[in-house]
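See below for the structure under consideration.
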Amino acid sequence: MTGLMRRWLAHAIFALAAFATPLLLSGNRYFAFIAGITFFSVLWATGMNLLYGYTGLMPLMFGGIAGISAYVTIGLSANGWSFWLAMLVGSVAASLVGIVLGLPALRLRGFYFTLCSLVIQTVITLAFVYFVNLTNGDVGISHIPLPELPGGRQLAGTAYELVLATIAVIGVVVLTVIVESSFGRRLTAIREDDGLAETLGINVTRQKLAAFFVASLFASVGGALYAPYVGFISPRSFDVLLSLNIWVMVAFGGRGTIWGPVIGAVILAPVPFVLQDYYTIKDVVYGLLIIGVVVLLPGGIVGGVKRKGRADAPAAVAKQAAPVR
Amino acid sequence: MTLLNAQRISMQFGGLIALRDVDMRQVAGETLGMIGPNGSGKTTFVNVITGHLTPQRGEVHFDDISLLGRKPFQIAAAGLTRTYQAVRVFSELTVQENIATALVDAARPLDSDGVAETTEWLELRHRLDARAGSLTLYEQRRLEVLMRLVQRPKLLMLDEPVGGLSSTEVRATIDLLSELKARCTLFVIEHTMKVIRELADRVVVLLAGEKIADGPPAEVLADQRVVEKYLGSADA
């Protein structure tokens, strides 16, 4: 096997599985829909991974950025724009907002930035409720038309899920390319010690803002496609719970690894559907899952496996004994 | 040729005067030592020069460009870099990754042969795949220096390079640093007088934020004021 093939083997398998799933499930709209939602989760978890896993910033306004993009895209489409142009404008606009909302990260680190992002998310949600003219407030927007394809047909059903699969695959490939590039190296350096990174000549401000732009693109492309897919959006669709759900997927699967958040999303995104009949305990289960992840799997599934692999090697025993920061 | 020229640097934190009108000049190739009791402003001085702090007053010129108002990454690009008193490496990354990170935005990076040669010289080649956090303190100190050297700095400011090392390691570090003098200009903050005596061409003494002596080590270390205020009778 050539190096190139080995390097992209996992991606090829993932792409095959992603494209096969909607085709295999095309007979059952409900299952196909769960697959569609899972693709959104993969895309979003991968985007948040860039910030949370590789840059060390936990952005709880991630859902809000997806929402801004969704509302802008739907608003423009309703005014006669083609969906695809509206999505482009909406995504870029929301990502630019993402840069502005990332500005506190230039001063705040770790937990303090997370707290700040929580406040930002809350303000975004309140804005969605407040600007009734644009968002229809708490009532939300329903009967969102499906995107039109060239030739007048609508993107619907299995074709829609194939588009989502494509976006999810592109997202994972983009993250991989970033992580292996010098941009990714700079972000990892910032995660590890941003002061040292700056001393070594890295423009920390610029890199952080670039990370916010790229991660926000993941959020906003997902948000724009989410609205017509589900057909209904409200401020609740993009509140802090969405951000937290994505965060759990990233943490559960293993932040700072390419595949951890993908695995986290594939495992966790269908859970609410599975638990639908047990809605009284759904939140309890989810809460326990979050606590379990934080306590038992600080490195997530993939992180845990990696650590075990290292611990098996004799040279790594000393590392395990070293105090955890 | 004057490499670093700091004039009338004053830095105040609230009511505390950390530096008061400190002048300092360093020519290329000259190894400058800075000594002084804890809290006398040595690290603050390095922080000002490398852009981590903005002084209330003063001017800093490096290689004929003004450094004030520039950020640490820009100052690094100009060829002035520093290490920290408490060792700082990317401990979760491997030694190799640490080196690669130092190269990623280096303005004048060493070529790969140079990097390999420097890694060999600092005896870190067999540790390339080790996680930096798993290295011994002495290895981490060498990695810190390596990460600066691959950027080919014109001036390297070392903040207590032998802090926490054993006497054998101190000896070895002094030998390394004397060889390093041939590669770039050094500025060394130290409490260990042996380091200053053996390495420095000139010594500056800070006391409570003011420069009280400046001259060749033999002269400065015998200075009555320096002995009284800092060295005490034991070391002198």
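How many residues does the range A:78-96 contain that are within 18 Å of A:Ala210 (Cβ to Cβ) and at pLDDT below 95?
In the first step, residues of the range A:78-96 are kept if they are within 18 Å of A:Ala210 (Cβ to Cβ); the result is A:91-96.
When the remaining residues are screened for being at pLDDT below 95, the result is none.
The number of residues fulfilling the criteria is 0.
Give the residue, chosen from B:Lys181, B:Lys194, B:Lys211, B:Lys154, that is under 17 Å from B:Ile49 (Cβ atoms), basic (Lys, Arg) and away from every other protein chain (no Cβ under 14 Å). If you could, list the steps in order and put the result at the bottom.
On the way: B:Lys181 fails: under 17 Å from B:Ile49 (Cβ atoms); B:Lys194 fails: under 17 Å from B:Ile49 (Cβ atoms); B:Lys154 fails: away from every other protein chain (no Cβ under 14 Å).
Result: B:Lys211 is the single residue among B:Lys181, B:Lys194, B:Lys211, B:Lys154 that is under 17 Å from B:Ile49 (Cβ atoms), basic (Lys, Arg) and away from every other protein chain (no Cβ under 14 Å).
Scanning the range B:93-109 for residues that are at the interface with another protein chain (Cβ under 7 Å from one of its Cβ atoms) and under 20 Å from A:Tyr54 (Cβ atoms), which turns out surrounded by the most Cβ atoms within 10 Å (Cβ to Cβ)? I'd like the intermediate steps shown before the answer.
If we filter the range B:93-109 for residues that are at the interface with another protein chain (Cβ under 7 Å from one of its Cβ atoms), which is where we start, we get B:93, B:100-102, B:104-107.
Then keep just the ones that are under 20 Å from A:Tyr54 (Cβ atoms); that gives B:93, B:100-102, B:104-105.
Numbers: B:Leu93: 21, B:Ala100: 17, B:Thr101: 26, B:Ala102: 31, B:Val104: 18, B:Asp105: 22.
That would be B:Ala102.
Scan (1) surrounded by fewer than 16 Cβ atoms within 10 Å (Cβ to Cβ); (2) under 22 Å from A:Phe232 (Cβ atoms) for the single condition A:Ile13 breaks and write down its number.
(2)
Considering only residues that are small (Gly, Ala, Ser) and exposed (fewer than 14 other Cβ atoms within 10 Å of the Cβ), look in the range B:1-29 and name the one that is nearest to B:Ala78 (Cα to Cα).
The qualifying residue nearest to B:Ala78 (Cα to Cα) is B:Ala28.
If you go through the range B:68-83 one residue at a time, how many are surrounded by fewer than 18 Cβ atoms within 10 Å (Cβ to Cβ) and touching a helix residue (DSSP H, G or I) at 6+ places or on another chain (Cβ under 8 Å)? Explain how you work it out, then say what you get.
Narrowing the range B:68-83 to residues surrounded by fewer than 18 Cβ atoms within 10 Å (Cβ to Cβ): B:68-69, B:71, B:74.
Narrowing further to those that are touching a helix residue (DSSP H, G or I) at 6+ places or on another chain (Cβ under 8 Å): B:71.
Qualifying residue count for the region: 1.
State whether the residues of the range B:68-85 include one that is more than 14 Å from every other protein chain (Cβ to nearest Cβ) and either over 19 Å from the mean Cα position of the chain (by Cα) or of a type in the set (A, V, I, L, M, F, W, C) (or both).
yes
Matching residues to (1) among the acidic types (Asp, Glu); (2) touching a Pro at 6+ places or on another chain (Cβ under 9 Å); (3) over 15 Å from B:Lys42 (Cα atoms):
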{"site": "B:Asp159", "(1), (2), (3)": "yes, no, no"}
{"site": "B:Gly163", "(1), (2), (3)": "no, no, no"}
{"site": "B:Thr168", "(1), (2), (3)": "no, no, yes"}
{"site": "B:Ala182", "(1), (2), (3)": "no, no, yes"}
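For B:Ile99, state whether it is over 30 Å from B:Gln7 (Cβ atoms) and out of contact with any Lys or Arg (no Cβ under 9 Å at 6 or more places or on another chain).
So B:Ile99 passes the test.
Using beta carbons and a limit of 6 Å, which pairs, at least six apart or on different chains, have the first residue in the range B:44-68 and in contact (Cβ under 8 Å) with a residue 24 or more places away in the chain and the second one in a helix (DSSP H, G or I) and not polar (S, T, N, Q)?
Partner pairs satisfying both residue conditions: B:Thr50/B:Pro72; B:Thr50/B:Ile75; B:Gly51/B:Pro72; B:Gly51/B:Ile75; B:Pro55/B:Val48; B:Val60/B:Ile49.
With respect to A:Val139, is the statement that it is more than 14 Å from chain B (Cβ to nearest Cβ), farther than 30 Å from A:Ile99 by Cβ and either loosely packed, with under 15 Cβ neighbours inside 10 Å or acidic (Asp, Glu) (or both) true?
Yes; evaluated as a whole, the condition is true for this residue.
Would you check which residues across the range A:188-239 are within 14 Å of chain B (Cβ to nearest Cβ) and either charged (D, E, K, R) or outside any helix (DSSP H, G or I) (or both) and list them?
Of everything in the range A:188-239, those that are within 14 Å of chain B (Cβ to nearest Cβ) and either charged (D, E, K, R) or outside any helix (DSSP H, G or I) (or both) turn out to be A:Arg191, A:Glu192, A:Asp193, A:Asp194, A:Glu198, A:Leu200, A:Gly201, A:Ile202, A:Asn203, A:Arg206, A:Lys208.
At pLDDT below 95, out of contact with any His (no Cβ under 9 Å at 6 or more places or on another chain), among the hydroxyl-bearing types (Ser, Thr, Tyr) and not in a helix (DSSP H, G or I), is that true of A:Thr257?
Here the answer is yes, as A:Thr257 does meet what is asked.
Got at least one residue in the range B:65-74 being of a type in the set (Lys, Arg) and touching a Lys or Arg at 6+ places or on another chain (Cβ under 6 Å)?
Restricting attention to the range B:65-74, the residues satisfying the condition of being of a type in the set (Lys, Arg) are B:70-71.
Checking the rest, the ones that are also touching a Lys or Arg at 6+ places or on another chain (Cβ under 6 Å) come to none.
So far as the range B:65-74 goes, no, none of its residues is of a type in the set (Lys, Arg) and touching a Lys or Arg at 6+ places or on another chain (Cβ under 6 Å).
Would you mind telling me which numbered condition in (1) surrounded by fewer than 22 Cβ atoms within 10 Å (Cβ to Cβ); (2) in contact with a helix residue (DSSP H, G or I) (Cβ under 7 Å, 6 or more places away or on another chain); (3) away from chain B (no Cβ under 14 Å) A:Ala269 fails?
Tallying (1) surrounded by fewer than 22 Cβ atoms within 10 Å (Cβ to Cβ); (2) in contact with a helix residue (DSSP H, G or I) (Cβ under 7 Å, 6 or more places away or on another chain); (3) away from chain B (no Cβ under 14 Å), A:Ala269 fails exactly one: (1).
Restricted to the range B:40-67, and to residues that are among the hydroxyl-bearing types (Ser, Thr, Tyr) and within 14 Å of chain A (Cβ to nearest Cβ), which residue is surrounded by the fewest Cβ atoms within 10 Å (Cβ to Cβ)?
Across the range B:40-67, the extreme among qualifying residues is B:Thr43.
The values are calculated or read from the model by the stated rules, or taken from the named source; none is laboratory data. No experiment lies behind these values; they were computed from the predicted model shown. Reconstructed Cβ throughout: ideal geometry from the backbone, glycine too, with neighbour counts over all protein chains shown.
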